[in-house]
1. Looking only at segment 101-144, how many residues end up being hydroxyl-bearing (Ser, Thr, Tyr) and in contact with a Leu (Cβ under 7 Å, 6 or more places away or on another chain)?
2. Could you list, in sequence order, all residues of segment 38-81 that are touching a Lys or Arg at 6+ places or on another chain (Cβ under 7 Å) and either among the aromatic types (Phe, Trp, Tyr) or at pLDDT below 95 (or both)?
3. Of the numbered conditions (1) surrounded by 17 or more Cβ atoms within 10 Å (Cβ to Cβ); (2) modelled with pLDDT of 95 or more; (3) within 20 Å of residue 145 (Cα to Cα), residue 96 fails exactly one; give the number of that condition.
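The values are calculated or read from the model by the stated rules, or taken from the named source; none is laboratory data. Please read these numbers as outputs of a predicted model, since none were measured by experiment. In this analysis, Cβ positions are derived from the backbone assuming ideal geometry, glycine residues included, and neighbour counts consider all displayed protein chains.
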Amino acid sequence: MHVRVLGAHLPRLDQDGIASFIANDVATFKGTMLDLIKRGISTATREEVEDRARELPDELDADLQRCALFEIEVVGNNREFDPVVFRNPETGYHGWEPVFLTMDGQRVLIETSKAPSGISDFRVAFYIHEWTEPGTLVGPTGPLVLPPFTPVPDRLWKLAPYSCVD
């Protein structure tokens, strides 16, 4: 198996991107929850949804100011692939919220937390919390070479959205 870091991104390098992501995420949360209430699926009250929607921006912003997003290319995988194997040995934090992408990185390949052994070539994007520069990323094949950090591309804001740690 060959593993290569294609992108290393710090959300904090793009404050406008963070603000836009948070606004969209909160709006989606509210819309989804209000729909679930209307359909009788959720027992939450509208007031509870509004309260949570007021809390989310600060929580998301705090997390996004301190995490990194990595996009990794994996070629020749022949076993179940769990992104939790990627870690920062200095902090002990592991890959969070993985998204498996097509090789061109333009769409989600599968929605799961681990890639099954039948998928040999793919990209995976994931977050690592409490990232400090320069930082070290270790994967299943050992320490990885990191490219210079950049802001999160629009494509990854959409394909690999961040979720708060509960």
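1. Number satisfying all stated conditions: 2.
2. 80, 81
3. Single failed check for residue 96: (2).
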